[in-house]
Amino acid sequence: MSEPNAPQELSVRKLEAFQHETLGQRVLFGSGTAQEHLYQEVSRIGGARVMAIASRRDHGLAVRLTETFPSVHHHNEVVPHVPVDVVDQATLAATQTNTDVIVSIGGGSATGLAKAVALSSGLPIVAVPTTYAGSEATNIWGITSGSRKTTGNDPRVLPVSIVYDAQLTLSLPVGLSVASGMNALAHCIDAFWAPRANPINAALAAEGIRTLAAGLAEIVVAPNSIEAREFALLGTYLAGVALTSAGSGLHHKICHVLGGAFGLPHAATHSAILPHVAAFNLPASDGAAERIALALGGHDAIEALVRLRNTLYAPRALSEYGLLEEQIPQAVSLALEAVPTSNPRVVSRADMTQIIMGAWAGKDPL
Ligand code: NAD
């Protein structure tokens, strides 16, 4: 395998036929420019009555970013995993205030609520993300009813514009930065074997891995580094585009099942599961191991991924996040039902047990 910084051999190889769809979205990126860019985008799409969705924590920020708008209704009832009653309440508020554009300010939970309102109302969204989850770059929605989270794809939920401002993520504590960043990293890695994997989303994913790994590693040692936060945000966007283009692969399917059935925290589950799914799938994913290793600045993809997870002190053991050992057989059964038919390897019960056991115990898959 080549040295990380060695010149790459230029060669060609046969490409399989593929289809790719690029989703239309404007991205405005710049530190310290959120207010100006937000105003620009809302004006561009003709928004006159804004509904600003932000959690109570982000209310002050939302007020500041929207202070130049003539009409703003602030909606602060943001709850993780987008419960259906919270969606109904927000949708009613949008109707009563005659909203014509939704502005979401916050992490995946605020973006998720904006998407759920857009799903039934068709209202356009301008998203201002403050974490590295990446939901703003996808057309994927999720709504929870009882203990069941339903997800789907719909063009109406794709934000029309994204306003990225790394200054807004400076307040995100290192632990939350790493957790949401590992979620974004998982979007990139899973994209290599997801159902609609193709060379275009692989290129986006590889650059997403490189920028996320560099950005997150720097955030851990220098949390106030604006350059590190910018890299992490750029990687976040690339990861979201790769995920929405390639679809959910084995990794996301397992995480979704575990999160829904056992109430495990979203980002920590991604971080714990990722190296185990990667170790299982990479031997059968043509060329992916080399590209991931290169993007992570290592010789071996799994070794480099494990090293990054250690460097970031990222979550690793599901046993620490609420999964009980006696729940593992049920988790394995549920996860087996969700395996995509396109996965490059057939997954036996023993394979899935090894993946989930490894993540439960927090082992390295070496
Ligand atoms: P989140 O939005 O719940 O935010 C996590 C915590 O960080 C919250 O307590 C929030 O108040 C706080 N926070 C947010 N921004 C902050 C900042 N700048 N400074 C300090 N604290 C801040 O979680 P998340 O990790 O952003 O997103 C996870 C959710 O997003 C999950 O529900 C997941 O399913 C969803 N998601 C969806 C997609 C998609 O494509 N639909 C993609 C990725 C994630």
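Values in this text are rule-based calculations from the coordinates and carry no lab data. Remember, predicted model here, so these are calculated numbers, not experimental data. With ideal geometry, Cβ positions are generated from the backbone for all residues, glycine too; neighbour counts draw on all protein chains shown.
Given R₀ = 30 Å, what would the calculated FRET efficiency be for Ala222 paired with Thr33, taking r from the Cβ atoms and rounding to 0.05?
Approximately 0.85, to the nearest 0.05.
Quick one: among Ser109, Ser342, Ser11, which has the greatest mean-square fluctuation in a GNM of the chain with alpha-carbon springs under 10 angstrom?
Ser11
Out of His256, Val306, Phe231, whose Cα points farthest toward the positive end of the dipole of region 214-332 (charges: +1 Lys, Arg; -1 Asp, Glu; placed on Cβ)?
It is His256.
Which shape class, rounded, prolate or oblate, goes with region 250-349 when its Cα gyration tensor gives a ≥ b ≥ c as root eigenvalues, a/c under 1.5 marks rounded, and past that a/b bigger than b/c marks prolate?
Oblate.
What residue among Thr97, Leu294, Pro365 has its Cα farthest toward the positive end of the dipole of the chain, where the charges are +1 on Lys, Arg and -1 on Asp, Glu, each on the Cβ?
Thr97
So how strong a dipole does region 254-366 carry about its Cα centre when Lys and Arg Cβ are +1 and Asp and Glu Cβ are -1, to the nearest 20 debye?
Value, rounded to 20: 120 debye.
Distance between the C-alpha centers of region 33-79 and region 119-169? Whole Å please.
15 Å
Assign one of three labels to region 235-288, namely rounded, prolate or oblate, based on the Cα gyration tensor with a ≥ b ≥ c the square roots of its eigenvalues; rounded applies when a/c is under 1.5, prolate when it is not and a/b is larger than b/c, and oblate otherwise.
oblate
Within straight cross-link reach of Lys149, meaning Cα distance under 21 Å, which lysines are found once same-chain residues fewer than 8 apart are removed?
Lys115, Lys253
Let me spell out the model: positive unit charges on the Cβ of Lys and Arg, negative unit charges on the Cβ of Asp and Glu, origin at the Cα centre of the chain. What dipole size does that give, in debye rounded to 20?
340 debye
Just to confirm the number: angle between the C-alpha axis of helix 108-121 and the first principal axis of the chain, 0 to 90 degrees, nearest 10?
Between helix and principal axis, roughly 60 degrees.
Find the eigenvalues of the gyration tensor of the Cα atoms of region 124-226, then list the square roots of 5 times those eigenvalues as equivalent ellipsoid semi-axes, largest first, in whole angstrom.
24, 19, 14
Under the classification rounded if a/c is under 1.5, otherwise prolate if a/b is larger than b/c and oblate if not, where does region 293-360 fall, given a ≥ b ≥ c as square roots of the Cα gyration tensor eigenvalues?
oblate
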